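Asks: Pasting in a structure now, in structure tokens, and then I'll have a few things to ask.
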Amino acid sequence: MRTAVILLYTCWSAGVCVSAQSTLLNSIVGETVTFPTAVKEFGFIWKGDLEIAIVTHSVYHVTNSSYGKRLQWDSSSGLFSITGLRRQDAGDYRVLERHRVSKHYQLAVWDPVPRPQVSSRSRVKPSCSVLCSVENGRELTLSWHREGRILSYTSSPNLSTTLSLRLEIEENSAPYSCVAENPARKEIFLVKPEEYCYGSVWKPHIKTSAAQGGRSCSLQCSVQNGRELTLSWRTEGETLSHTRDPNLSTLSLTLEIEASNSTYTCVATNPVNEERTAFLPTQVCGQEGHRPHDAVLYVMFVLRLVEFVLSNVLNSIVGETVTLPAAVKDTGFLLKAGSGIATVVSHSCQITNYSYSARLRWDPSSGLFSLRGLRTEDSGDYTVQDSGANLKTFHLDVWDPVPRPQVSSRSRVKPSCSVLCSVENGRELTLSWHREGQILSYTSSPNLSTPLSLPLEIEENSAPYSCMAANPVSKKTVIGRPEEHCFESVWKPHIKTSAAQGGRSCSLQCSVQNGRELTLSWRTEGETLSHTRDPNLSTLSLTLEIEASNSTYTCVATNPISEERTAFLPTQVCGQEGHRPHDAVLYVMFVLRLVEFVLVTLAVVVLLHLYHKVLTQNSTVRRGQRRYQEADTAL
């Protein structure tokens, strides 16, 4: 169980807000979850704001009937538990014991993770590959690991799809593990390379020797040994003998037979393929020495013919035209799976199968048949026979066109930029990410009703990435350039104002740190007034001349992933000469003027006081001089 702690503030019934902690509890549908907060004598448990159980004097009572017997309380431990979890049990829970701080829990209930299944795509060295598949679910991720390192992964928001992930495995490598997981649980399927990767089987070789004086002979079959290789003798569907020995470099198996018309086959097989060599003993057994029968030569001829026929494979696309490279000049036939569809007689072509009448053409000059407007049902074996009874057979395989993949952004903010490539699925279609010729990851799915999707973490300033959808005959590629999917967050723009001299207008200058594909604009009431973009500047600036009004002007900096805004109300800035400051500024100016007035008043009072003092002193001196003169006169 994983836990995470989130700081919250909870106000409960007493009206007191207390600091609490919320713990994340992850569990699975059908399992049991226990809340790790004990209530011994008195307490409650809530889901959201709804009380669901109460403990009073160690007596437990469920107050919400929807939980019934699934909500339990252990009197010995004091812990609440919910059994048989359902998806609707998910939510916020709070457990409170008297005189203690309530504990908060966030319960998340997840579906069980299905076990992934691994199947072989190719089991023959050196290109062994496997496909891991799992039924999709909420926040389910499918990934390949080896020695603790993630090799590739995939996920899909479409829960109706099956997740599939292909992997090329290396011979003699450490084991691989396919992991299906959600936040609560994971399931692992272990893959050992030796169980999925085998060498090709060599063709076995038969040596014969006739017995002396009898009609029996000895057949010795040998083949180069390999892992889990079995060598056996068979006839008419019955296995006569077999051997296996991993310690030998060459396996051999001897068979004693009588002269007969039966065909004996030596079979070398391992879990992925087999090779056979047939032998007809009619003219070999019954005489000394080795004399191959004409039937053996005939069988070898037929095998070579089959090999030649199978080598003539034609691949084409629905809606296109294919030409069968075998000429009929004068007289001949065209057959599909042994049934005639066209006849050429004396340089004239007649179509005998009317389903081909509008699409099959014969060119008299080259003698070649062409089939246009191909359909998937046109696939099959076609045989061309000329006037000399020469046969040439072709296997035509008609494929659906590969749809063009689509690349969308999942996260476009540096440094964790990621993209998702998606394409409609098709037969043997593979979706892969490439960079500089190297395959980074790929996926495919046998479920043709589900789209293929493949996420990728992209690196800033990297070479371009390419997402390729391909089947055996065609491919479509979309280029993903990191600069188109990876952006910096936008900085908040800054506004400077200046009032015009002698008028009711003013000038607003907005500036912001520049970035890739960044646009700076002025807007008001949903209308864009002006905008600018210049990738060569480190700072973008945009000036706007406005009149005094009650409208709000907004400077907006935006790029493809984010935007920042700064709003401005010009009511008390525009409308008088010079700059008319805000009320707060007026208040500061008023205080300064008041302080100035008080200081000037104090200065005047001090000066008056000093002046009065000087006058008083002068008066006293004059009175003293007067008295002195009066006294002198009296004498």
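The values are calculated or read from the model by the stated rules, or taken from the named source; none is laboratory data. What you see is a predicted model, and the numbers here were worked out from it, not measured in a lab. Positions of Cβ are backbone-derived with ideal geometry, glycine not excepted, and every protein chain shown enters the neighbour counts. The accessibility values were calculated without ligands, DNA or RNA, using every heavy atom of the protein model including side chains. Shrake-Rupley method; radii C 1.70, N 1.55, O 1.52, S 1.80 Å.
Asks: Condition first: among the acidic types (D, E), within 26 Å of S418 (Cβ to Cβ) and open to solvent by 20 Å² or more (accessible area, probe 1.4 Å). Can you find one or more residues in segment 527-535 that meet it? Let's see the steps before the verdict.
Replies: Let us first name the residues in segment 527-535 that are among the acidic types (D, E), namely 527, 534.
Now restrict to residues that are within 26 Å of S418 (Cβ to Cβ): none.
Within segment 527-535, not a single residue is among the acidic types (D, E), within 26 Å of S418 (Cβ to Cβ) and open to solvent by 20 Å² or more (accessible area, probe 1.4 Å).
Asks: In this structure, does S129 turn out to be surrounded by 13 or more Cβ atoms within 10 Å (Cβ to Cβ), among the polar types (S, T, N, Q) and on the phi < 0 side of the Ramachandran plot?
Replies: On the way: surrounded by 13 or more Cβ atoms within 10 Å (Cβ to Cβ): yes; among the polar types (S, T, N, Q): yes; on the phi < 0 side of the Ramachandran plot: yes.
Here the answer is yes, as S129 does meet what is asked.
Asks: Residues of segment 51-61 being more than 42 Å from the chain's Cα centre (by Cα) and open to solvent by 40 Å² or more (accessible area, probe 1.4 Å), which ones?
Replies: Just the residues of segment 51-61 that are more than 42 Å from the chain's Cα centre (by Cα), to begin with: 53-61.
Scanning segment 51-61 gives T56, H57, S58, V59, Y60, H61.
Asks: Right, here's the next one. Restricting segment 200-225 to residues that are surrounded by fewer than 18 Cβ atoms within 10 Å (Cβ to Cβ) and under 45 Å from the mean Cα position of the chain (by Cα), which is modelled with the lowest pLDDT?
Replies: S200
Asks: Let me confirm something: among N136, N158, which residue is open to solvent by 20 Å² or more (accessible area, probe 1.4 Å) and under 21 Å from the mean Cα position of the chain (by Cα)?
Replies: Details: N136 fails: open to solvent by 20 Å² or more (accessible area, probe 1.4 Å).
When all the criteria are applied, what remains is N158.
Asks: Name the single residue that is nearest to P193 (Cα to Cα) among those in segment 233-282 being open to solvent by 70 Å² or more (accessible area, probe 1.4 Å) and of a type in the set (D, E).
Replies: Step by step, filter segment 233-282, then rank; the result is E274.
Asks: Restricting segment 438-455 to residues that are among the aliphatic types (A, V, I, L, M), in contact (Cβ under 8 Å) with a residue 12 or more places away in the chain and closer than 14 Å to S466 by Cα, which is least open to solvent (accessible area, probe 1.4 Å)?
Replies: So the residue we want is L454.
Asks: Could you tell me which numbered condition S143 fails, if it satisfies all but one of (1) of a type in the set (S, T, Y); (2) assigned to a strand (DSSP E or B); (3) open to solvent by 20 Å² or more (accessible area, probe 1.4 Å)?
Replies: Here S143 clears every test but (3).
Asks: With the structure loaded, tell me whether T343 is within 47 Å of the chain's Cα centre (by Cα) and either in a strand (DSSP E or B) or over 30 Å from T161 (Cβ atoms) (or both) or whether it fails that test.
Replies: no
Asks: Does S173 satisfy being open to solvent by 20 Å² or more (accessible area, probe 1.4 Å), under 26 Å from L448 (Cα atoms) and not in a strand (DSSP E or B)?
Replies: Values: open to solvent by 20 Å² or more (accessible area, probe 1.4 Å): yes; under 26 Å from L448 (Cα atoms): no; not in a strand (DSSP E or B): yes.
For S173, the condition - open to solvent by 20 Å² or more (accessible area, probe 1.4 Å), under 26 Å from L448 (Cα atoms) and not in a strand (DSSP E or B) - is not met.
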